[in-house]
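Participant: Following this message is one structure expressed as structure tokens.
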Amino acid sequence: MISEEIVQKLGLRIRGQQKAKYADGREGLVGVTEALLIECEGRQTTEDALVTGDAVLIGQVVLEKLDFLVDCKNQRLIPNPAHPDYRITYIL
């Protein structure tokens, strides 16, 4: 998720809209960007972004594609211990 301000700063194209349901139960249409490159801790992936709010949020799909786990106790991301030096893409 990214804000409209970030879309403008990055010069991203809005390629459509998607219905979204918020945690508080509201529903509405939000913009969907073209694919953008996401880099975190030296790992990269591409993903579309939903345009809403004023914060940047990384969802579960991106975390899985980057092969990171969430360490809730210490409030940080950690590489998957099974392969800490590189990401693995799972094909099912």
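The values are calculated or read from the model by the stated rules, or taken from the named source; none is laboratory data. In this text, all values refer to a predicted model and were calculated from it rather than measured experimentally. Every residue, glycine as well, gets a Cβ built from its backbone with ideal geometry; the counts of neighbours run over all protein chains shown.
Participant: Here is a list of conditions, (1) at pLDDT 90 or above; (2) surrounded by fewer than 13 Cβ atoms within 10 Å (Cβ to Cβ); (3) over 20 Å from residue 1 (Cβ atoms); (4) under 17 Å from the mean Cα position of the chain (by Cα), and residue 67 meets all of them except one; can you say which number that is?
Facilitator: Against the list (1) at pLDDT 90 or above; (2) surrounded by fewer than 13 Cβ atoms within 10 Å (Cβ to Cβ); (3) over 20 Å from residue 1 (Cβ atoms); (4) under 17 Å from the mean Cα position of the chain (by Cα), residue 67 comes up short only on (2).
Participant: Tell me which strands (runs of 3 or more DSSP E) are completely within the range 1-43 and hold 2 or more residues being charged (D, E, K, R) and out of contact with any Pro (no Cβ under 7 Å at 6 or more places or on another chain), or say none if there are none.
Facilitator: 14-21
Participant: Go through (1) at pLDDT 95 or above; (2) at positive phi and name the single condition residue 53 misses.
Facilitator: Tallying (1) at pLDDT 95 or above; (2) at positive phi, residue 53 fails exactly one: (1).
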